[in-house]
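**Q** After the structure tokens below, expect a handful of questions from me.
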Amino acid sequence: MPESKVYLPHERVTRGARINSIAEYQAMYEESVNDPEGFWAAQAEEMLEWKEKWDTTLEWDFEKPHVAWFKGGLTNASYNCLDRHANGPRRNKAAIIWESDSGRSKVYTYQSLLTKVCRFANVLKDHGIKKGDVVAIFMPMVPEVVTAMLACARIGAIHTVVFSGFSAQALRDRMQDSGAKAVITVDAGKRGGRVIPLKAMADEAMLECPTVKKCIVVSHSRATVDMQPERDFYYHEETRRRDISNDCEPEWVDAEHPLFILYTSGSTGKPKGVVHTTAGYLLGTALTTKYVFDIHDEDIYFCSADVGWITGHSYIVYGPLAIGATSLMFEGIPTYPNPGRFWEICEKHGVNQFYTAPTAIRSLMKSAPDAPNEYDLSCLRILGSVGEPINPEAWQWYYDVVGKGKCSVCDTWWQTESGAHMISNLPGCTPMKPGSASLPFFGVQPVILREDKTPADIGEEGRLCIKFPWPSMLRRMWGEDSEKRMMDNYFGQFPGHYFSGDGAVCDEDGFYWLKGRVDDVINVSGHRMSTAEVEAALNSYGDVAESAVVGYPHEIKGEGIYAYVVLNDGVEASDDLRKMIIGHVRKDIGPIAAPDFVHFVPDLPKTRSGKIMRRIVRKIAAGETDKEGFGDLSTLVDPSIVDTIIETRPNQ
Ligand code: WT7
């Protein structure tokens, strides 16, 4: 744990903040963990609207595992995000401000978004989509992606958003696993001036997805696409039909009705479909948006994530809209047309809360360290960070140069599975220690355990677990064997606890310091990649005999992907082959999975039982060459391979 400076929230943040003393946080936290059911029931009453009240606040058994919140209650996520605001004083308030790649912007009020969502929900119904059906959404950051998500929620359909940077194969795998009935996509996406043919990719995926009967295409780039009769329809044509009504009564669903599936990487090769349910998820995202970003009615809030990830689901769409906030979404990338783009957007729209990832902060800090000074960023009050531990240098630049020392930097630790923030400082009261996510959110009960399952001491690194359910937690894995997979992935390692997969330390002030994943998951630019998944893609290339993938420290991305590749006998290593192999992974999973490094090796360091000694390949990837620090090598079949690998390591 680094000895760090402590910063107190600036008076301009504290003033007017919902919680502006640490004593107040502590009192509310105590209440939330001493009587979790009472706390959450009161919050559920206050934050959400219900068609019918629930019967039981909480059912849980982490040994099974089984968790249900607010069972028997009837509600609807789209109603909570739209109607109740559109039917009140926020009717003409901006719900979504959309900023395009090329610098145009559009505003959707609560009223206009509600109408769009109702019309599209009616279109979906007309195409046979019903409550409980899965709808895949393969869209970039266009406003219609929000409409599509909320239209699904309105009719009780379960959306599964697939990040538009993924490949056709990755889309196919997710549509097959989820049994999607329809896919919503765009003709082509635009990112940093590049055009990505999403409809053509969806066509390729649909060839092997017999359950997908309909494809709705948003016309975004005026690209020419193939439209298959009876299957493919244009969004604008369908939503403008005269027989489509502006009204669509929400489908009132049980609190535990699935809202969406989101695929994420685990230790195994296959992505897991994490299932989130309606009320608990909405409550968790709404409450954290309210307190962590301290959003007030007049604020403009900007989260730079993509809706293809959980951050976009929770903190562009559901959390902000549930509390009636104005959420700004951005189609482009931070460096196009120049690395001042984020700051330009903050100035243009008068952004008060800005939420991004350390990888973006590092890259902008490096490429244009003074760019924030060229813009008027005086509206900013809260600067959020998410995706990986934020290194103190990046924290300092964010705080000093972007925030001018007058904003709170909120380091939010959470996961796809947690649905909402779990550990974060609150901007108006928590002292900030750069690099620490600080204190648990209301109702969250973290513990740090040793491998032998006993609690770690203060200052001792262990595994971060959660010992009590929280409303926005994942409920199951989509598909068969959910209970077994839940046990294997999250609840089996430390019985009675949810295990996050992260290492962490708690200091004497009760502040948590995250130390990164302890499983075979790597964190590339705040995106989760499974090493097994990249290995499977590498191994499916004809010339590759086997491979081992590990993360290595990367200045901008946090972790880069380092691939050790053993070629088939008789195949010659070459730069061309390296490029072909990288291209293959790109096509198989998507550009984010492309190895930064391919190191051809004659063999991998394996134990007699055939297991790759990952500790060794990790160290070599990290640039360590001194075998002294490698530990015991005597169980290797051929210890000399370690020298060969060190000697052939390409220069970075
Ligand atoms: C993993 C979850 C949560 C949305 C983005 C990623 C790492 C996330 C932090 C943080 C340290 C962090 C963890 C976690 N992580 N935020 N503030 N400090 N680590 O979601 O893809 O589900 O990844 O991201 O390792 O387990 P995800």
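**Q** Here are some residues: Thr412, Thr416. Which one is open to solvent by 10 Å² or more (accessible area, probe 1.4 Å) and within 11 Å of the ligand (Cβ to nearest atom)? Walk me through it before giving the result.
**A** Working: Thr412 fails: open to solvent by 10 Å² or more (accessible area, probe 1.4 Å).
The conditions single out Thr416.
**Q** So, one more: Can you tell me which residues in the stretch 366-375 are surrounded by 13 or more Cβ atoms within 10 Å (Cβ to Cβ) and outside any helix (DSSP H, G or I)?
**A** Within the stretch 366-375, Ala368, Tyr375 qualify.
**Q** Continuing with the same structure: Please tell me if Lys433 is open to solvent by 40 Å² or more (accessible area, probe 1.4 Å), over 22 Å from Ile522 (Cα atoms) and at pLDDT 95 or above.
**A** Values: open to solvent by 40 Å² or more (accessible area, probe 1.4 Å): no; over 22 Å from Ile522 (Cα atoms): yes; at pLDDT 95 or above: yes.
When the stated conditions are applied, Lys433 does not pass them.
**Q** Does the stretch 490-505 contain at least one residue that is within 30 Å of Ser178 (Cα to Cα), part of a loop (DSSP other than H, G, I, E, B), open to solvent by less than 30 Å² (accessible area, probe 1.4 Å) and not aromatic (Phe, Trp, Tyr)?
**A** Residues of the stretch 490-505 within 30 Å of Ser178 (Cα to Cα): 490-502.
Narrowing the set further to residues that are part of a loop (DSSP other than H, G, I, E, B) leaves 492-497.
Add one more test, that the residue is open to solvent by less than 30 Å² (accessible area, probe 1.4 Å), and what stays is 494, 496.
Add one more test, that the residue is not aromatic (Phe, Trp, Tyr), and what stays is 496.
Looking for residues that are within 30 Å of Ser178 (Cα to Cα), part of a loop (DSSP other than H, G, I, E, B), open to solvent by less than 30 Å² (accessible area, probe 1.4 Å) and not aromatic (Phe, Trp, Tyr), one finds at least one in the stretch 490-505, hence yes.
**Q** Something else: Residues of the stretch 462-478 being closer than 18 Å to Met422 by Cβ and open to solvent by 50 Å² or more (accessible area, probe 1.4 Å), which ones? Reasoning before the result, please.
**A** Quick first cut of the stretch 462-478, residues closer than 18 Å to Met422 by Cβ only: 462-475.
Within the stretch 462-478, Arg463, Lys467 qualify.
**Q** Is it the case, given these coordinates, that Ser105 is open to solvent by less than 10 Å² (accessible area, probe 1.4 Å) and polar (S, T, N, Q)?
**A** Working: open to solvent by less than 10 Å² (accessible area, probe 1.4 Å): no; polar (S, T, N, Q): yes.
When the stated conditions are applied, Ser105 does not pass them.
**Q** Ok, one more. Can you name the condition, by its number, that Asp588 falls short on among (1) in contact (Cβ under 8 Å) with a residue 40 or more places away in the chain; (2) under 30 Å from Asp173 (Cα atoms); (3) open to solvent by 50 Å² or more (accessible area, probe 1.4 Å)?
**A** Tallying (1) in contact (Cβ under 8 Å) with a residue 40 or more places away in the chain; (2) under 30 Å from Asp173 (Cα atoms); (3) open to solvent by 50 Å² or more (accessible area, probe 1.4 Å), Asp588 fails exactly one: (3).
**Q** While we're looking at this one, here's another question. Just to be sure, is Tyr355 open to solvent by less than 10 Å² (accessible area, probe 1.4 Å), in a helix (DSSP H, G or I) and hydroxyl-bearing (Ser, Thr, Tyr)?
**A** On the way: open to solvent by less than 10 Å² (accessible area, probe 1.4 Å): yes; in a helix (DSSP H, G or I): no; hydroxyl-bearing (Ser, Thr, Tyr): yes.
Here the answer is no, as Tyr355 does not meet what is asked.
**Q** Those residues that are open to solvent by 10 Å² or more (accessible area, probe 1.4 Å) and either within 12 Å of the ligand (Cβ to nearest atom) or charged (D, E, K, R) (or both), I need them from the stretch 307-327; list them, please.
**A** Start the filter on the stretch 307-327 by keeping residues that are open to solvent by 10 Å² or more (accessible area, probe 1.4 Å), which leaves 309-311, 323.
The answer is Trp309, Ile310, Thr311.
**Q** Condition (residue is within 24 Å of Ala41 (Cα to Cα) and in contact with a helix residue (DSSP H, G or I) (Cβ under 9 Å, 6 or more places away or on another chain)) applied to the stretch 460-467: is it met by at least one residue?
**A** There is no residue in the stretch 460-467 that is within 24 Å of Ala41 (Cα to Cα) and in contact with a helix residue (DSSP H, G or I) (Cβ under 9 Å, 6 or more places away or on another chain).
**Q** Out of Trp513, Trp478, which single residue is modelled with pLDDT of 95 or more, within 14 Å of the ligand (Cβ to nearest atom) and either closer than 29 Å to Glu59 by Cα or of a type in the set (Phe, Trp, Tyr) (or both)? If you could, list the steps in order and put the result at the bottom.
**A** Numbers: Trp478 fails: within 14 Å of the ligand (Cβ to nearest atom).
Of the residues listed, the single one that is modelled with pLDDT of 95 or more, within 14 Å of the ligand (Cβ to nearest atom) and either closer than 29 Å to Glu59 by Cα or of a type in the set (Phe, Trp, Tyr) (or both) is Trp513.
**Q** Scan the stretch 388-409 residue by residue and report those that are open to solvent by 10 Å² or more (accessible area, probe 1.4 Å) and in a loop (DSSP other than H, G, I, E, B).
**A** Quick first cut of the stretch 388-409, residues open to solvent by 10 Å² or more (accessible area, probe 1.4 Å) only: 388-389, 391-393, 396-397, 399-401, 404-406.
Hits for the stretch 388-409 are Glu388, Pro389, Asn391, Lys404, Gly405, Lys406.
The values are calculated or read from the model by the stated rules, or taken from the named source; none is laboratory data. Keep in mind that what you see is a predicted model, and the values were worked out from it rather than measured. Quick reminder, even Gly has a Cβ in these numbers, built from the backbone with ideal geometry, and neighbours come from all protein chains shown. Just so you know, the surface numbers come from the protein's heavy atoms only, side chains and all, with ligands and any DNA or RNA stripped out. Shrake-Rupley method; radii C 1.70, N 1.55, O 1.52, S 1.80 Å.
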